[in-house]
Amino acid sequence: MKSTVEQISPTRVKLNVEVPFEELSADFDRTYKTLASQIRIPGFRPGKAPAKLIEARVGRDSILAQVVNDAIPGKYSEAVAETETKAIGQPEIDLAELKYGESITFTAEVDVRPEIELPDYSSLAVEVDAIEIEDSAVDEQLEGLRARFGTLKGVERAAADGDFVSIDLAATVDGEAVDEASTEGLSHEVGSGQLIDGLDEAIVGLAAGESKVFTSTLVAGEHAGTEADVTVTVNSVKERELPEVDDEFAQMASEFDTVAELKDSLRERVAQSAKIEQANAIRDKVLAALLEQVEIPLPESVVDAEIEGQQHQIIHALGHDDEQLNKFLEAQGTTREEWDAKAREEAETSVKTQLLLDAIAEQQETEVSQDELTQQILFQAQRYGMQPQEFISQLTQANQVGAVYADVRRGKALAGIVDDVTVTDTAGATVDTAEFFGGDDADDAEATDEA
């Protein structure tokens, strides 16, 4: 087989492939065997009819077309490997006229990874916020710990922020009940903002047995993006009683004997969290600096696929109904043109980022171990609240294990170059990046950011 490459643009090539007819002999044998098992010819058992009789029954040209159609995907893959083409996306294949006994020729246009000229990383400099540990942050941690050990007590008064209520919800659109937006006995913390817009404001001031109607935009189901009249009924109101902050509380809530020791531990936790936030900021700033400095041609078909992926979930949830989509966009305060433009901008940034990090990974010869891949899969399974084996099964069925591998490799490649970049904070101090980017701990910083 002969293969040549023509560069059409920085992101697209044409492969010219010629396959000698004799190279298809194994493909002909498989096709004849398949046809022999399907065609019944008098005097021959299934699968035993000779090729000449099958050819006479089906036609030589039809058999040739089937052989070539079956063979082309493999021959295309061979051509990609032979020419070391960094293909991405699906090829557009143009098959020349077929003639029995003659070489098979076809062309395949496909997007490719562009050549990216990477800078000297030591020439990059970024600035991040200095780490400041505020007493209020420690107090917030302490209050969170108190809340975990608080108790709920029923009260005979109207609901207020911070209370826990049991509520019933019922929604209607144009007077018609929306079953999927209705529920009974739902537990909710007032002021948490965890449910639909307007709910917390409606609950405040309601006592047990009282109701209120408010307007909100539904975010899921058949009526996603549509305004609905929602009735909330309060069944009960409970307030949380918090324990006193004393040594007894410290012993109950932690391994420490005194409040002072507990606060010191919380301060260390806040400091570690601040360091992780700073590490994530460093990573983001380095990536932004690279994207601004490096020229990255964009493969259009890959960008288009990214846009489709971004918009598909919403369009599918709306039943591919243009009217519902328009209502959704109206509720979001945007137009279809603005939505499409934003999707393209985000897709272009996403593709640029992937291409850049892939180029860095190739340059740095970044490798991902099986343990690193497994750890990332387990982390994502936990993030989505799924059992690891179930999550792995879904990844495998969706052919997404490779995508997870690529994401881990990209994150590892970026972490691997951060140590070469000059990093200072807003106080003018040089930031030591070794803790999170100088070794295996870099993966921990990335995993924390993913959460």
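Do we have any residue at all in the range 202-211 that's polar (S, T, N, Q) and either free of Cβ contacts under 8 Å to residues at least 40 places away in the same chain or assigned to a helix (DSSP H, G or I) (or both)? Yes; the residues of the range 202-211 include at least one that is polar (S, T, N, Q) and either free of Cβ contacts under 8 Å to residues at least 40 places away in the same chain or assigned to a helix (DSSP H, G or I) (or both). Among the residues of the range 362-384, those identified as within 12 Å of Tyr405 (Cα to Cα), in contact (Cβ under 8 Å) with a residue 12 or more places away in the chain and assigned to a helix (DSSP H, G or I) are Glu372, Leu373, Gln375, Gln376, Ile377.
In summary, Val219 fulfils each of the numbered conditions (1) assigned to a helix (DSSP H, G or I); (2) within 25 Å of Ser187 (Cα to Cα) with the single exception of condition (1). The test for being touching an Asp or Glu at 6+ places or on another chain (Cβ under 6 Å), in the same structural domain as Pro299 (by TED's automatic domain parsing) and closer than 28 Å to Ile296 by Cβ holds for Val351. Is at least one residue of the range 35-57 modelled with pLDDT of 85 or more and of a type in the set (A, V, I, L, M)? For the range 35-57, residues modelled with pLDDT of 85 or more and of a type in the set (A, V, I, L, M): absent. Looking at the range 149-169, which of the residues that are in contact with a helix residue (DSSP H, G or I) (Cβ under 8 Å, 6 or more places away or on another chain) and of a type in the set (A, V, I, L, M, F, W, C) is surrounded by the most Cβ atoms within 10 Å (Cβ to Cβ)? Top of the filtered list is Ala159. Quick check, is Ala108 at pLDDT 95 or above and not in a helix (DSSP H, G or I)? Criteria met by Ala108.
Scan the range 41-56 and give yes if some residue there is of a type in the set (Phe, Trp, Tyr) and crowded, with 18+ Cβ neighbours inside 10 Å, otherwise no. Taking every residue of the range 41-56 in turn, none turns out to be of a type in the set (Phe, Trp, Tyr) and crowded, with 18+ Cβ neighbours inside 10 Å. Which of the residues belonging to the range 288-300 are in a helix (DSSP H, G or I) and surrounded by fewer than 18 Cβ atoms within 10 Å (Cβ to Cβ)? Answer for the range 288-300, where residues must be in a helix (DSSP H, G or I) and surrounded by fewer than 18 Cβ atoms within 10 Å (Cβ to Cβ): Ala288, Ala289, Leu291, Glu292, Gln293, Glu300. When Ser166, Ser136 are checked against the criterion of being in contact with a Gly (Cβ under 8 Å, 6 or more places away or on another chain) and either free of Cβ contacts under 8 Å to residues at least 24 places away in the same chain or not assigned by TED's automatic domain parsing to the domain that holds Ala305 (or both), Ser166 stands alone in meeting it.
Pairs meeting the criteria (first residue in the range 316-332 and in contact (Cβ under 8 Å) with a residue 24 or more places away in the chain, second residue polar (S, T, N, Q) and part of a helix (DSSP H, G or I), beta carbons under 7 Å, at least 6 apart or on different chains) are Leu318/Gln324. Here is the figure for the range 172-225: residues that are within 30 Å of His320 (Cβ to Cβ) and touching a Ser or Thr at 6+ places or on another chain (Cβ under 6 Å) total 5.
Could you grab me the full set of residues in the range 241-252 that are touching a Ser or Thr at 6+ places or on another chain (Cβ under 7 Å) and surrounded by fewer than 17 Cβ atoms within 10 Å (Cβ to Cβ)? The answer is Glu241, Asp247. If the condition is being under 22 Å from the mean Cα position of the chain (by Cα) and of a type in the set (A, V, I, L, M), then the range 317-352 contributes Ala317, Leu318, Ala341, Ala343, Ala347, Val351. Among the strands (runs of 3 or more DSSP E) confined to the range 1-97, the ones with at least 2 residues that are of a type in the set (Gly, Ala, Ser) and under 30 Å from Ala305 (Cβ atoms) are located at 2-9, 87-95.
The values are calculated or read from the model by the stated rules, or taken from the named source; none is laboratory data. No experiment lies behind these values; they were computed from the predicted model shown. Counting neighbours? That spans all protein chains shown, and the Cβs are built from the backbone with ideal geometry, glycine included.
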